[in-house]
Structure formats: C-alpha cells, structure tokens
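Visitor: Have a look at this one before I ask anything.
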Amino acid sequence: MFRVGRFDVQPDSKLAFRSTRRVGNGCVPETLDRSENVLVRLTDKINGQTVVAGSIHWPTGARGGPACANSNARQAAKRMAAAGPAGLRILGGDANITPGPWKQIITGPFGYGDACGGNAGCPAQNWTVPGPDRPRRIDFLFSRHEPANEAAVVTDFKTVTFEAANAAAQQVTGGDDPAEYSDHRALAARIHY
C-alpha cells in the first residue's frame, strides 16, 4: 500500500515471483496464489526519486516454507536489487517463520535494516501472530537507503494492535468483520531517505 498523492507507479515496473517450499531435498515454487511476491517501482512526486517496494508472503510450515526461508530471502533481495536504481528499497510481509539465519541474509550481505530494532532484534511486545505457547514475530519490514548503501533511517516503528486495527476498520468502513481479518498484527513505520 502506498499514498497515491505522493507516489506514482512507474509503467511496466511490476514484477511478480513465487516463493519456494521444501519438497524432498529441494526448494520448488509454491503453487498457492497467496505465495506470490510482488514488487514495483514508484516515483516520489515531491523529490523525483525512485522507491522500489516489495511485498512477500512465504509458505507456511504445513507447506514446507520455513525449510526454504534462506532461499526465499536470497531470492527476494536479489529481485529487489535487480529492479534497477532507486533511492530507497522497502521489503515487507509475512515470512511465516521467526527471525533466524534467513534474516541475517537480508540484513547482512544485502544491507537492509530491520525496522523493528535493526540487527539486534525486536522487542517482545512487537509480536505479529498469537501462538498457543507465546506470541511470535513472523511479519517483517526491511529497508535500504540505496545511495548510502546502508539500512535506511526508521522512526516511529510500531506493531498495530488488533484493537487499533478494529477501530480503524470501523472508522473507514463502518464495520469490523473479524472473519475478514488475517489474524496478523500490521507493522507501521516512517522510513526516511
């Protein structure tokens, strides 16, 4: 999602690619529609800079996704880099796995910063999915300030509570249907470039 008053989509810049899941000893493209990742190039109407924005959704544990998290991380970061020159790159979505070696692939060699606390991790109150034993963080927001070749400056990071999301739905649509909610808490931040 982006502000149409601030950004324009660059023509023919949308790219879609499949996440992978473990089958046997290898990672193969997932066939479920929800495992299609997308990226797009945007033009900032105020400063003319290009922003590459990408959204991921990797397969669940039941579909063998976590076993291919390293592969999915490399693929997403490479696709973002191949999208051409940009002042800022933002990558986020549902990894369906908690932080681990896959996250170091994105934040290490590819130079992205984790909006929720950088490489040092994320405070416990920023979980995104409730669990039977404890809440877990499986949704992420990464960014990279391209000219500086380093993580972008992030301020005002927060994980949106279910109550706040429900109130926003009520305000915008006049109702809140829990059956339409994904059961994930959304992430929000100001990412500077």
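Visitor: Could you please find all residues in region 161-193 being open to solvent by less than 60 Å² (accessible area, probe 1.4 Å) and within 19 Å of residue 41 (Cα to Cα)?
Guide: The answer is 191, and nothing else.
Visitor: Looking only at region 1-16, count how many residues are under 19 Å from the mean Cα position of the chain (by Cα), exposed (fewer than 15 other Cβ atoms within 10 Å of the Cβ) and not β-branched (Val, Ile, Thr).
Guide: 5
Visitor: Say we look at region 101-160 and pick out the residues that are farther than 20 Å from residue 66 by Cα and among the hydroxyl-bearing types (Ser, Thr, Tyr); which of these is surrounded by the most Cβ atoms within 10 Å (Cβ to Cβ)?
Guide: If we take residues in region 101-160 being farther than 20 Å from residue 66 by Cα and among the hydroxyl-bearing types (Ser, Thr, Tyr), then 112 is surrounded by the most Cβ atoms within 10 Å (Cβ to Cβ).
Visitor: Let me ask something else about it. Testing residue 159 on (1) under 29 Å from residue 85 (Cα atoms); (2) touching a helix residue (DSSP H, G or I) at 6+ places or on another chain (Cβ under 8 Å); (3) at pLDDT 90 or above, one condition comes back false. Which one is that?
Guide: The failed condition is (1).
Visitor: So, in region 28-84, exactly how many residues are in a helix (DSSP H, G or I), in contact with a His (Cβ under 9 Å, 6 or more places away or on another chain) and either open to solvent by less than 60 Å² (accessible area, probe 1.4 Å) or among the acidic types (Asp, Glu) (or both)?
Guide: Within region 28-84, residues that are in a helix (DSSP H, G or I), in contact with a His (Cβ under 9 Å, 6 or more places away or on another chain) and either open to solvent by less than 60 Å² (accessible area, probe 1.4 Å) or among the acidic types (Asp, Glu) (or both) number 1.
The values are calculated or read from the model by the stated rules, or taken from the named source; none is laboratory data. Bear in mind that the values here come from a model prediction, so they are computed numbers and not experimental data. With ideal geometry, Cβ positions are generated from the backbone for all residues, glycine too; neighbour counts draw on all protein chains shown. The area values use the complete protein model at the heavy-atom level, side chains included, leaving out ligands, DNA and RNA. Shrake-Rupley method; radii C 1.70, N 1.55, O 1.52, S 1.80 Å.
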